[in-house]
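Since every read-out is calculated from the coordinates, none of them should be taken as a lab result. Small disclaimer: the values here were computed from a predicted structure and weren't measured. Note that we place each Cβ from the backbone using ideal geometry, even for glycine, and neighbour counts take in every protein chain shown.
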């Protein structure tokens, strides 16, 4: 499920991103994305490819990974994100929910640390 008011468009200095074409209220589920789960062994192989920047750690202990379908892999990172995501390991889904009201035209961000306001450096900022 992807709300029809989400659009993929160029994002300043970030390639592409996901944007709101209308105002969205806080705490709105905007996407529920199925995922393709890969084993720890497959994850190691994928990490050697350009897909490394698009996978999510998956499962208890986070040894597995997944590729999210829908728009999910196109949300850009922000430490003070306006969206949060939740993983459903039982049903192989990730859902995205707004954490505050989103303005029309605003880009939607998730925090790649898995917590909307976690400021711990992520892999591409730690280098």
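Take every Cα pair under 8 Å whose residues are at least 6 apart in sequence, average their separation, divide by the length of the stretch 6-110, and the relative contact order is 39 percent. Specify the residue with the greatest mean-square fluctuation among 19, 52, 109, computed from a Gaussian network of the chain linking alpha-carbon atoms under 10 Å apart. Highest fluctuation among the options: 52. Name the most mobile residue of 87, 38, 50, meaning the one with the largest mean-square fluctuation, in a Gaussian network model of the chain with Cα contacts below 10 Å. Ranking 87, 38, 50 by mean-square fluctuation puts 50 first. In terms of surrounding Cβ atoms within a 10 Å radius of their Cβ, 77, 91 rank from fewest to most as 91, 77. Between 103, 13, 25, find the one with the highest GNM mean-square fluctuation for the chain; connect C-alpha pairs within less than 10 Å. Of 103, 13, 25, the Gaussian network model singles out 13 as fluctuating most. Sorting 49, 101, 28 from the fewest to the most surrounding beta carbons within 10 angstrom yields 49, 101, 28.
Among (i) 13.0, 38; (ii) 19.4, 66; (iii) 14.3, 42, find the value of Rg and Dmax of the Cα atoms in Å that was calculated from the structure presented, and write down its label. Label (iii) holds the value from this structure. As a rough footprinting exposure proxy, the listed residues 22, 107 were ranked by other beta carbons within 10 Å of their own, and the order from fewest upward is 22, 107.
Estimated from helical segments only, the mean residue ellipticity of the chain at 222 nm is -1500 deg cm²/dmol, where each DSSP H run of four or more residues counts as -39500 (n - 2.57).
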